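Asker: Below is a structure I'd like to ask you about.
The values are calculated or read from the model by the stated rules, or taken from the named source; none is laboratory data. Because the structure is a prediction, the values reported are computed rather than measured. Heads up, the Cβs are rebuilt from the backbone with ideal geometry, glycines too, and the neighbour counts pull from every protein chain shown. In case anyone asks, the SASA skips ligands and DNA or RNA and just uses the protein heavy atoms, side chains included. Shrake-Rupley method; radii C 1.70, N 1.55, O 1.52, S 1.80 Å.
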Amino acid sequence: MTETVQINCRTAPAGGDIDALRAWLSVPGVRGKSHIIVLIHGYNDTFDDATTAYRAFCDLQTAMVPAGLDWAFGATLVQVFWPGDARWGIARPAFYPWALPVADKIAELLTEIVKDLRSFAHGQLTLDVVSHSMGNRVTLRMLSLLQNVAGLEVRRSVH
């Protein structure tokens, strides 16, 4: 069974602001790991929407390997929850311009978290990232900021 850790960067399940302290409180559960697979949801996803999407992704991965095998053998799955949505009811999709700076701030926060995890990785940290929609912006910004981190191997980035 794949070990899963949630990094919740949200103050609320829908809408809300970035909660960096809450995100950092999850980090000790990932320290010391040598391989992480980070899932980053897209724009306009509530906590529940992202949970459903992550579950569907994992179910699809599990269906592709023989029964009893772990599709992420040896890796820890990190589900990131960030506030890329707003409590605007029917006008929620119009939040897009305000979500862009939030995505950039989340990328900076995740960069610091990955650097921290690298320092506890006992050698090299292997990073795979799977992202969707505006999660791609988060991923690309994070990877740009991680370019020169020694001991970090970005093995895959799936958009």
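Asker: So, of the residues in segment 116-133 that are within 12 Å of the chain's Cα centre (by Cα) and closer than 19 Å to A50 by Cβ, which turns out to be most open to solvent (accessible area, probe 1.4 Å)?
Answerer: Of everything passing the filter in segment 116-133, H132 is most open to solvent (accessible area, probe 1.4 Å).
Asker: Looking at (1) in contact with a Pro (Cβ under 9 Å, 6 or more places away or on another chain); (2) modelled with pLDDT under 95, which one does I18 not meet, given that it meets all the others?
Answerer: (2)
Asker: Moving on. Could you run through segment 115-159 and say how many residues are touching a residue at least 60 places away in the same chain (Cβ under 8 Å) and within 19 Å of A103 (Cβ to Cβ)?
Answerer: Residues meeting the conditions: 11.
Asker: Across segment 93-109, which residue is modelled with the lowest pLDDT among those that are surrounded by fewer than 17 Cβ atoms within 10 Å (Cβ to Cβ) and either over 18 Å from S26 (Cα atoms) or among the β-branched types (V, I, T) (or both)?
Answerer: Going residue by residue through segment 93-109, those that are surrounded by fewer than 17 Cβ atoms within 10 Å (Cβ to Cβ) are 93-94, 96-98, 100-101, 104, 108.
Right, trim to either over 18 Å from S26 (Cα atoms) or among the β-branched types (V, I, T) (or both) and you get 93-94, 96-98, 100-101, 104.
Working: P93: 65, A94: 69, Y96: 73, P97: 72, W98: 72, L100: 88, P101: 90, D104: 96.
Per the criteria, the residue is P93.
Asker: For segment 1-33, give me each residue that is part of a helix (DSSP H, G or I), open to solvent by less than 50 Å² (accessible area, probe 1.4 Å) and out of contact with any helix residue (DSSP H, G or I) (no Cβ under 7 Å at 6 or more places or on another chain). Even if it seems obvious, please write down each step before you answer.
Answerer: To start, the set of residues in segment 1-33 that are part of a helix (DSSP H, G or I) comprises 20-29.
Applying the additional criterion that residues be open to solvent by less than 50 Å² (accessible area, probe 1.4 Å) yields 20, 23, 26-27, 29.
Within segment 1-33, S26, G29 meet the criteria.
Asker: Working carefully through the options Q61, Q79, find the one that is modelled with pLDDT under 95, polar (S, T, N, Q) and open to solvent by less than 60 Å² (accessible area, probe 1.4 Å).
Answerer: Details: Q79 fails: modelled with pLDDT under 95.
Result of the check over Q61, Q79: Q61.
For (1) within 22 Å of E153 (Cα to Cα); (2) open to solvent by less than 30 Å² (accessible area, probe 1.4 Å); (3) at pLDDT 95 or above; (4) of a type in the set (S, T, Y), each residue gets a yes or a no:
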site	(1), (2), (3), (4)
L39	yes, yes, yes, no
F73	yes, no, no, no
T111	yes, yes, yes, yes
V114	yes, yes, yes, no
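Asker: Something else: Starting from residues that are touching a Leu at 6+ places or on another chain (Cβ under 7 Å) and assigned to a helix (DSSP H, G or I), keep the ones in segment 34-58 and report whichever is nearest to D116 (Cα to Cα).
Answerer: Of everything passing the filter in segment 34-58, Y54 is nearest to D116 (Cα to Cα).
Asker: Residue check, P28 against (1) farther than 22 Å from R141 by Cα; (2) in contact with a Pro (Cβ under 9 Å, 6 or more places away or on another chain), all met but one. Which one?
Answerer: Only one criterion is unmet by P28, namely (2).
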